[in-house]
Amino acid sequence: MSTRTIQIETPRKLVFEIFRFDPGQPAGEPRLESFELEEQPYMTLYIALNRIREEQDPSLQFDFACRSAICGSCGMLVNGRPRLACNTLTATLPETIRLEPLPAFELIGDLSVDTGSWFRGMAEQVESWIHEREPFVPDAVEERMDADLAQALYEGERCIECGCCIAGCGVANVNPDFVGAAGLNRIARFMRDPRDARSEDDWFEVVSDGNGVFGCVGLMGCHDVCPKGLPLLEQYAYLRRKMLGSGLAKRRPDGPGEARDPGASR
Ligand code: SF4
Ligand code: FES
């Protein structure tokens, strides 16, 4: 009769080093606070943080809504890298896990940051809505769209506004007016849309300076950290080609005018 040895692994003891600071209490010092937790199978950072808050410190601040990588509210630095906490398994991380708020956004408290104001400002800066053609015909028959084009627009729409690409971007961290990969993705989405009345020259005026397309210095951190795998490099290359074409057209003697200095701010 054969005997089998069943090995039961001892759960890991995880150490969470969590950034703590409340900007509403400026007398307090920003610090890292340690919490210990026994790892469970399929534990995500969402589960771990909720257990810490329920069992050890009810004052810990962090954001979650959907728990399924859709709402974009749980972005944070995980051992220095921007990630979504709700779809990050602790099993993929070492025993010591450092959690910090995303940089480049206003801190609300601990791990919670205000991405909403940043994304609203960016949306207003690039006017990320369909600019309709004149005259507007409210009962016009809906026009068919090529399937490949619809797919390209859909790719741009998959952004969940988590802010990971902004936090992972060296330029966005030093220039709060830079629209970042999320903004460039948004611009490419509307520039491709045949329903949008804006011409390339219109777009050139909006995004062809140091806060737009030509602000990117090619670090590509955005592409590495986007949790939704958006084709950010493709979007960027598309925009740059379009804007260079528009800029060169402006430089021609028969063009609509002198090109602006791509490095100048608006
Ligand atoms: Fe997040 Fe990706 Fe959208 Fe950036 S482009 S906000 S990383 S989903
Ligand atoms: Fe919604 Fe993580 S909780 S994306």
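What the table below lists for this structure:
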quantity	calculated
Burial ordering of M243, M43, fewest other beta-carbon atoms within 10 Å first	M43, M243
Assigned charges on the beta-carbon of Lys, Arg, Asp, Glu; the chain dipole about Cα centre (debye)	720
Rg(Cα) / (2.2 N^0.38 Å) computed for segment 13-100, rounded to two decimals	1.05
Semi-axes of the equivalent ellipsoid for segment 68-108, Cα gyration tensor, largest first, Å	18, 14, 6
Residues S128, S34, sorted so that the one with the fewest Cβ neighbours within 10 Å comes first	S34, S128
Surrounding net charge for I47, when Lys and Arg each add one and Asp and Glu each subtract one, Cβ distance under 13 Å	-1
J(HN,Hα) series, segment 72-80, from Karplus relation 6.51 cos²θ - 1.76 cosθ + 1.60, nearest Hz, glycine and proline x	x, 8, 9, x, 7, 7, 10, 6, x
Of every Cα-Cα pair in segment 77-145, the percent that sits beyond 13 Å	76
Protection proxy ranking, peptides 73-83, 221-231, 88-98, average beta carbon neighbours within 10 Å, highest first	73-83, 221-231, 88-98
Within a Gaussian network of the chain (alpha carbon springs, distance under 10 Å), most fluctuating of Q56, Q125, Q235	Q56
Distance cut-off 21 Å, percentage of C-alpha pairs in segment 115-251 lying past it	42
Cα-Cα separations in the chain greater than 28 Å, expressed as whole percent	46
Residues whose placed amide H lies under 5 Å from that of V113, excluding near-sequence neighbours	I108
Size of electric dipole in segment 13-100: Cβ of Lys, Arg +1 and of Asp, Glu -1, about Cα centre, debye, nearest 20	320
Max mean-square fluctuation residue, GNM over the chain, Cα-Cα springs under 10 Å, options D177, D148, D202	D148
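Rule-based calculations on the coordinates, nothing more; no lab input. The structure displayed is predicted, hence computed values, not measured ones. Heads up, the Cβs are rebuilt from the backbone with ideal geometry, glycines too, and the neighbour counts pull from every protein chain shown.
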